[in-house]
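In what follows, a single structure is set out as structure tokens and then discussed.
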């Protein structure tokens, strides 16, 4: 766990690091109950970049788990939602929902998490279970009993961004195809691993060519830029 957290911290320090890296790092720290470390890390990032709403929201989320810091944590969470939409509302909603009586902010929790679920396709699926759970707490406090029960039912489901079937095998992400550089394409979600396609003058070289020809062919067809009539050469 320590090696993974250290690696994620290093990845998050790169310029232009993907926001999902920060979310995964925060999730690992929360799972390990390293709340002080998480607060110190994200508060430091926020101090260095005051306009970074996600770092400020995560600093508030971790601070809300520290004894005697509720007021300061809520101030950070509120400020973060004023800077940006989306993840700051998720972390404010789920953090307030963990506090006794939603810290008197049940309506805020409901509004934040209803917003998250209204645009849930824009959020990593693994975050949604906590959103439903937090929403169920808020609804209970607000006397919205039937809605609380429905949200509680959703929170009991395992929501992930991976799946396994007899036909597909194990897939980690939804299908997508990206061109990382001219002539270099990567397909995700078509097989157990990513598939890479390198377009050359003689044909298309496929790297990690999938477990079946059908999976590789489906990924190759996904690229509208793939030259027709060229046969992949496995590597």
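The values are calculated or read from the model by the stated rules, or taken from the named source; none is laboratory data. It should be emphasised that the depicted structure is a prediction, and the values quoted were computed from it without experimental measurement. Every residue, glycine as well, gets a Cβ built from its backbone with ideal geometry; the counts of neighbours run over all protein chains shown.
Kindly evaluate residue 110 against the criterion of being at pLDDT below 95 and buried (at least 23 other Cβ atoms within 10 Å of the Cβ). In short, no. Taking every residue in the stretch 214-229 that is in the same structural domain as residue 194 (by TED's automatic domain parsing) and pairing it with any residue that is assigned to a loop (DSSP other than H, G, I, E, B) and modelled with pLDDT under 50, at least 6 positions away or on another chain, the pairs with Cβ-Cβ distances below 8 Å are 220/226. Looking for whichever is surrounded by fewer than 18 Cβ atoms within 10 Å (Cβ to Cβ), assigned to a helix (DSSP H, G or I) and either at negative phi or not assigned by TED's automatic domain parsing to the domain that holds residue 116 (or both) here; the options are 11, 80. Which one fits? Step by step, each of 11, 80 is checked, and only 11 is surrounded by fewer than 18 Cβ atoms within 10 Å (Cβ to Cβ), assigned to a helix (DSSP H, G or I) and either at negative phi or not assigned by TED's automatic domain parsing to the domain that holds residue 116 (or both).
Take residue 177 and decide whether it is crowded, with 17+ Cβ neighbours inside 10 Å, in contact with a helix residue (DSSP H, G or I) (Cβ under 8 Å, 6 or more places away or on another chain) and at pLDDT below 80. For residue 177, the condition - crowded, with 17+ Cβ neighbours inside 10 Å, in contact with a helix residue (DSSP H, G or I) (Cβ under 8 Å, 6 or more places away or on another chain) and at pLDDT below 80 - is met. Out of 93, 60, 38, one residue alone is touching a residue at least 40 places away in the same chain (Cβ under 8 Å) and crowded, with 18+ Cβ neighbours inside 10 Å. It is 93.
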